[in-house]
Structure formats: C-alpha cells, structure tokens
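The values are calculated or read from the model by the stated rules, or taken from the named source; none is laboratory data. Quick caveat, the model's predicted, so the values are computed rather than measured. Positions of Cβ are generated from backbone atoms using ideal geometry, with glycine treated the same way; all protein chains shown enter the neighbour counts.
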Amino acid sequence: MDLDATRPFASSLPGDPGLAERMAADGYLCLRGLLDRDDVHSARDAIAAVLADEGVLASASPVGGLVFRGGSPPDRGLLERAHRRLNALDPFTRLADVPAIGAVMRGLLGEAVTTHVRKICRVKYPHDTYDIVGPHQDFWYVKGAEETYTCWAPLTDTDAELGGLAVRPGSLGGAPMPHAQRADSRFHGVDDDGDEGAWAWSPMRAGDALVFHSLTVHAGLPNSSAHVRLSVDYRYQRAGAPMDPSHTRPHFD
Ligand SMILES: O=C(O)CCC(=O)C(=O)O
C-alpha cells in the first residue's frame, strides 16, 4: 500500500458523546492519547525484556530501540515460547482493562462489557512480509458476536517505515466477507480493490489507539525499518453475547 495515497485518520476525542455515531459512520475511532504513556511504556519494556532474553533484539537492553538482531525471523518454536511468556506479563494484560478503554467500550456497547481473554501482542519483525496480516475483517478470526470491537495500540511511536495499521473507513455496515488464504502470507484475507485513497493511515504515538468494529476492513502494514514493531490488540463485546471458545483462552495457548 502506498501510504502517501491514503488519507489521514480522523481523530476523535475520548469523551465525545458522539463516538457511537462516528463509529457507525466510519467503522473506526482514532483516539489520540487515550492511554497513559507510562502504562504503554511499561508494557513495551516488559515485552522487550522477554524478547531480549530470547535473543531476538540486537541489544540486551530492552529499550535500546528494539533493534532486531538481524537474520531470519524467529522460528515457530521460539515464537510460541516467547508468546506464552508475553501472555503472562501483567503490564500487557492490565493495559486491556484501563478505565480509558472501558469508558469508550461502554459508550459503544453499554454498561456490561467483557474483555476477551485472548489478548494479542503483535511482534512484527522487519521485512517479514509472510507475517503481515493483509486486508481482513476481525470477525472472520474472532467469530462469536459481530458487535465486537478491537482496540489496537502501538507500544512505540510508529511511522511509515514501521508501518502500523491501516483501516478502510465506512466498510462497516456490510456483512461478513469471504476470506481466502493468501499466497504471500500466513493469514487469510479479503480481496482489496487496490484503491489506496479509500484507506486511512497516519503515524501514531505510543498512547494513541485505534478502535474498530469486527466488520471494519483493516490491514497490518509491512515493517521496513530495522526495529521490531510492537503493538497490542484487545477485544471487547457485550457480556453474555456469543464468544468463540478460542477467545476465552490466551493467544498461542
Ligand atoms: O498489528 C498488525 O500488524 C495487525 C493487527 C490486526 O490486524 C488486528 O489487530 O486485527
């Protein structure tokens, strides 16, 4: 995706009473500064310490810029082991339930909101295009209730090189779309019509968050930097609504 051709995210203010209407129109909210940067940095540091310990970073100092050690991306065994350790990190799991996200979710879903146990720490290695999630709807993966929202937040500032997430505004309102296995990625996705102007993307700062509906088409972007990209995605739905069993267990469980 040519990021120069995309439009910038429209920002929303966390306390705005019109957030639900905005979500209905655009399918996403870009909430600048929603999260406390200290909380985000605590999650980043805890995750980076595990990655440094697993030998993935160039520097044993976790915050040494998250520079990748180079060579091939970690193999599946290391990935699974690392993710099991990441799932147990308190600053990573706690961030999903901070009051700021809770208030946004209650505005969208009503008072009784459930956070999915399956919280995902995305570790995107430089130039590992096979691990890039192309255009897709989360509903295809999440199943359960269509009225599920994802909160995606970078744990470091992101720019065009680091990539981040792009969304296709207004794609909400449609039905679940068919997904097919991509030839060039380990993920399934939807066909994209190639209209880059229909996509939104902007650089983000640690503390910013994107919240989107499970039917909103969005895409992870390639990481062409020398750094590992860290982000989290957490999911929320109405308490009591159907939930796929895979979302009642940790990622890589
Ligand atoms: O972080 C990424 O690269 C992709 C994340 C994503 O697609 C999602 O949270 O649904």
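One table, with the values for the structure above:
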{"item": "Answer residue from the range 172-190, given it is among the small types (Gly, Ala, Ser) and surrounded by 13 or more Cβ atoms within 10 Å (Cβ to Cβ) and is modelled with the highest pLDDT among those", "result": "Gly189"}
{"item": "Lone unmet requirement of (1) surrounded by fewer than 18 Cβ atoms within 10 Å (Cβ to Cβ); (2) not in a helix (DSSP H, G or I); (3) not polar (S, T, N, Q) for Tyr130", "result": "(2)"}
{"item": "Residues of the range 128-174 satisfying the condition of being among the aromatic types (Phe, Trp, Tyr), more than 9 Å from the ligand (Cβ to nearest atom) and out of contact with any Leu (no Cβ under 9 Å at 6 or more places or on another chain)", "result": "Tyr130, Trp140"}
{"item": "Near pairs, Cβ below 8 angstrom, 6+ apart or cross-chain, from the range 22-46 (surrounded by fewer than 22 Cβ atoms within 10 Å (Cβ to Cβ)) to any residue that is among the acidic types (Asp, Glu) and modelled with pLDDT under 95", "result": "Arg22/Asp16"}
{"item": "Matching residues, the range 142-171, being under 16 Å from Met243 (Cα atoms) and either crowded, with 24+ Cβ neighbours inside 10 Å or in contact with a strand residue (DSSP E or B) (Cβ under 9 Å, 6 or more places away or on another chain) (or both)", "result": "Val142, Gly144, Ala145, Glu146, Glu147, Thr148, Tyr149, Thr150"}
{"item": "Residue in the range 176-183 that is within 11 Å of the ligand (Cβ to nearest atom) and in contact (Cβ under 8 Å) with a residue 24 or more places away in the chain present", "result": "no"}
{"item": "Where a residue in the range 230-252 is farther than 16 Å from Val133 by Cβ and its partner, wherever it lies, is surrounded by fewer than 17 Cβ atoms within 10 Å (Cβ to Cβ), with Cβ under 8 Å and at least six apart", "result": "Gln237/Glu147; Arg238/Gly110; Arg238/Ala112; Arg238/Glu147; Ala239/Ala112; Gly240/Ala112; Ala241/Glu147; Pro250/Arg84"}
{"item": "Within the range 212-238, tally of residues that are closer than 17 Å to Lys143 by Cβ and hydroxyl-bearing (Ser, Thr, Tyr)", "result": "4"}
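Listed here are the residues, each with its yes/no results for (1) of a type outside the set (A, V, I, L, M); (2) surrounded by fewer than 20 Cβ atoms within 10 Å (Cβ to Cβ); (3) within 14 Å of the ligand (Cβ to nearest atom); (4) within 22 Å of Val67 (Cα to Cα).
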| site | (1), (2), (3), (4) |
| --- | --- |
| Asp192 | yes, yes, yes, no |
| Gly197 | yes, yes, no, no |
| Gly207 | yes, no, no, yes |
| Val217 | no, no, yes, no |
| Ser224 | yes, yes, yes, yes |
| Val228 | no, no, yes, yes |
| Val232 | no, no, yes, yes |
| Ala241 | no, yes, no, no |
